[in-house]
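What follows draws every value from the coordinates through simple rules; no lab data is involved. This one's a predicted model, so the numbers in the text were calculated from it and none came from an experiment. Cβ coordinates were reconstructed from backbone atoms using ideal geometry, including for glycine residues, and neighbour counts include every protein chain displayed.
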Amino acid sequence: MRSTDICPGPYPDPVLQIPRSARLAAWGTAWLQGRASTGGVVRAVTGTSALARSRNYAEHDTIHIEVTGLQFQWYFRYPGADGAFGETKPSLIDASVGNPLGLDATDVYAHDDIVSAYAVVPIGRTIDVSLRAQDVIHSFYVPAFRIKQDAVPGLNPHVRFTPDHLGSYDVTCAELCGLGHYRMFSRIEVVSEPDYYRWLAQRAPSASSPGGGE
């Protein structure tokens, strides 16, 4: 008996008219597609929720840090006590004199900006990272925080996070940016809030010398 003959009577079930092997293959495909679709929905929902948690914060509690990538270094700039970033000019960029970002000493908001080769942030506070690149495309990547965002010359993307564990976390460049790409590392140190403000105070530059250091 053929598989198409297993349904007796004058009105055979049209489904059973399909050969058994074809039916099994179709059911298997439908089952796999259903599992994939369900998994995709779950991943989409959980992924979207995590992204929302990493981006929706109260602005008044946010700490702003500007991160600049250049071959092959990360620089972290804090706005200082006035809460505003000073002006920068490409013509003033000169790391040999302690001005790797080109801070304009004549700008009233530049005198208290703090520039560091690594970042220090307080635990439990929202951190808004403003990204810039001086030369080529870099990618700001903090594996422990699951954060990766390209830094592109001429653009100024932002990424936010709230650290919830004390410790030191690697910062790397995830974009092949030249021969020295392999050594473009830095770190983010998550400390208590008192230690954070103590670190800022220790690095506050003088009015005549904009930009602090390590």
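With neighbour counts taken as other beta-carbon atoms within 10 Å, the residues Ser116, Ser96 rank, fewest first, as Ser96, Ser116.
Based on alpha-carbon atoms, the Kirkwood radius and the radius of gyration of the range 142-190 give Rg/Rh equal to 0.99.
Grab the eigenvalues of the alpha-carbon gyration tensor for the range 61-202, scale each by 5, take roots, and send me the semi-axes largest first in whole angstrom. Those come to 22, 21, 13 Å. Couplings for the range 119-131, taken from phi via the Karplus curve 6.51 cos²θ - 1.76 cosθ + 1.60 with θ = phi - 60°, read 10, 10, 9, x, 5, x, 9, 6, 10, 9, 9, 9, 9 Hz in order; Gly and Pro are left as x.
Annotation: the residues Trp199, Trp74, sorted from fewest to most other C-beta atoms within 10 Å of their own C-beta, follow the order Trp199, Trp74. Between Gln71 and Asp128, the modelled label-to-label distance comes to 3.3 nm, taking each label 7 Å out from Cα in the direction of the beta carbon. Rounded to the nearest whole Hz, the Karplus-based 3J(HN,Hα) values (6.51 cos²θ - 1.76 cosθ + 1.60, θ = phi - 60°) of the range 83-96 follow the sequence x, 10, 7, x, 6, 10, 9, x, 5, 9, 5, 6, 5, 5, with x at glycine and proline. Available extension along the chain between Arg183 and Gln202 is 4.1 nm, counting 0.36 nm per residue and deducting the alpha carbon span. Arranged from fewest to most other beta-carbon atoms within 10 Å of their beta carbon, Phe140, Phe72 become Phe72, Phe140.
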